[in-house]
Amino acid sequence: MNMDEIRATAHRMADAARAAILPHFRHTALLADNKHGEGGFDPVTEADRAAERAMRAVLAEARPRDGILGEEFGATEGESGLTWVLDPVDGTRAFLSGTPTWGVLIAVSDASGPVYGLIDQPYIGERFEGGQGHAAMTGPLGGRVLSARGDRPLSEAILFTTFPELDTRAEAAAFADLARQVRLTRYGLDCYAYALVAAGQIDLVVETGLAPYDIQAPIAVIEAAGGIVTDWQGGPAHGGGRVIAAAGRAQHDAALAILSRVA
């Protein structure tokens, strides 16, 4: 695996996604379809679809033997043993609301899980990437190495989750128990919260109900920055579901002790 080629392709894809998405952001005529049907609201917009089409076009040219798993257009089988896992707009609800906390997620996975990830926020121009010992970001203030905070007690920790209502009562109760023990709990941000773990700004992100394309890029970025990402039982999280992302072993283990009680 040529990591320089992987990174160059990922950046081309992120650039293409930016160009496809930004004309739609905060546009008064933007419409959203509901993928959830009558049971809730799971929006998808033309920005989601256009961005995934743009990224797939880059892959068709640059790496046609690789597989693809995308939120909007599903799975395409490959021959190389590598799969690109794509979420063209992670945080479509935020996108519809005009808040710049959504992002483009690009991961590359092999049989063991993600080996490289990129989180891009096109509107504010920040890009976070990590894999194979490399962790860095670029943005309006320039570029720098990414480094998670390291160990802190829960009493000093900042905790995020996207939705205050988790999937089940047991999950919500466990999260509330954890939230009572940290210094600060905040809500929202979608994938941007995971970028902040890698950037050394916050300590924990705890979520449930994730798909592989929601979490594989954040896993690679956070782990390359020295953080930890597991499921609520301490196992691999790249399949989605319940996730703990932590800036250090102390925060992770303390959160795990609480959340692992949920069957």
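The values are calculated or read from the model by the stated rules, or taken from the named source; none is laboratory data. Source: prediction; values computed, not measured. Virtual Cβ from ideal backbone geometry, glycine too; neighbours counted across all protein chains shown. SASA here: full protein model, heavy atoms, side chains in, ligands and nucleic acids out. Shrake-Rupley method; radii C 1.70, N 1.55, O 1.52, S 1.80 Å.
Taking the criterion of being in a loop (DSSP other than H, G, I, E, B) and surrounded by fewer than 19 Cβ atoms within 10 Å (Cβ to Cβ), the residues of segment 176-216 that qualify are Arg180, Gln181, Arg183, Gly188, Gly200, Gln201, Ala211.
Of all residues in segment 85-107, none are more than 19 Å from Tyr192 (Cα to Cα) and of a type in the set (Ser, Thr, Tyr).
Determine whether Thr99 is in contact (Cβ under 8 Å) with a residue 12 or more places away in the chain and open to solvent by 40 Å² or more (accessible area, probe 1.4 Å).
Details: in contact (Cβ under 8 Å) with a residue 12 or more places away in the chain: yes; open to solvent by 40 Å² or more (accessible area, probe 1.4 Å): yes.
Yes.
Report yes if Leu118 is in contact (Cβ under 8 Å) with a residue 40 or more places away in the chain and in contact with a helix residue (DSSP H, G or I) (Cβ under 7 Å, 6 or more places away or on another chain), otherwise no. Criteria met by Leu118.
Kindly indicate which of Asp42, Asp48 is modelled with pLDDT under 95, on the phi < 0 side of the Ramachandran plot, open to solvent by 20 Å² or more (accessible area, probe 1.4 Å) and of a type outside the set (A, V, I, L, M, F, W, C).
Numbers: Asp48 fails: open to solvent by 20 Å² or more (accessible area, probe 1.4 Å).
Selected residue: Asp42, the only one of Asp42, Asp48 that is modelled with pLDDT under 95, on the phi < 0 side of the Ramachandran plot, open to solvent by 20 Å² or more (accessible area, probe 1.4 Å) and of a type outside the set (A, V, I, L, M, F, W, C).
Selection of segment 207-236 for residues being under 12 Å from the mean Cα position of the chain (by Cα) and among the aliphatic types (A, V, I, L, M) yields Leu210, Ala211, Ile215, Ala217, Ile219, Ala220, Val221, Ile222, Val229.
Name the single residue that is surrounded by the fewest Cβ atoms within 10 Å (Cβ to Cβ) among those in segment 162-172 being among the aliphatic types (A, V, I, L, M) and out of contact with any helix residue (DSSP H, G or I) (no Cβ under 6 Å at 6 or more places or on another chain). Break it down stepwise before answering.
Narrowing segment 162-172 to residues among the aliphatic types (A, V, I, L, M): 166, 170, 172.
In the following step, the residues that additionally are out of contact with any helix residue (DSSP H, G or I) (no Cβ under 6 Å at 6 or more places or on another chain) were identified as 170, 172.
Values: Ala170: 12, Ala172: 15.
Restricting to residues being among the aliphatic types (A, V, I, L, M) and out of contact with any helix residue (DSSP H, G or I) (no Cβ under 6 Å at 6 or more places or on another chain), the top hit is Ala170.
In segment 11-28, what residues are within 14 Å of Trp102 (Cβ to Cβ), out of contact with any Leu (no Cβ under 7 Å at 6 or more places or on another chain) and surrounded by 16 or more Cβ atoms within 10 Å (Cβ to Cβ)? Answer for segment 11-28, where residues must be within 14 Å of Trp102 (Cβ to Cβ), out of contact with any Leu (no Cβ under 7 Å at 6 or more places or on another chain) and surrounded by 16 or more Cβ atoms within 10 Å (Cβ to Cβ): Ala17, Arg18, Ala20, Ile21, Phe25.
The set of residues from segment 125-161 being part of a loop (DSSP other than H, G, I, E, B), open to solvent by 20 Å² or more (accessible area, probe 1.4 Å) and either among the β-branched types (Val, Ile, Thr) or closer than 26 Å to Val104 by Cβ (or both) comprises Gly125, Gln132, Gly133, Pro140, Leu141, Ser147, Arg149. The condition (being part of a helix (DSSP H, G or I) and among the acidic types (Asp, Glu)) is satisfied by just one residue among Glu171, Glu165: Glu171.
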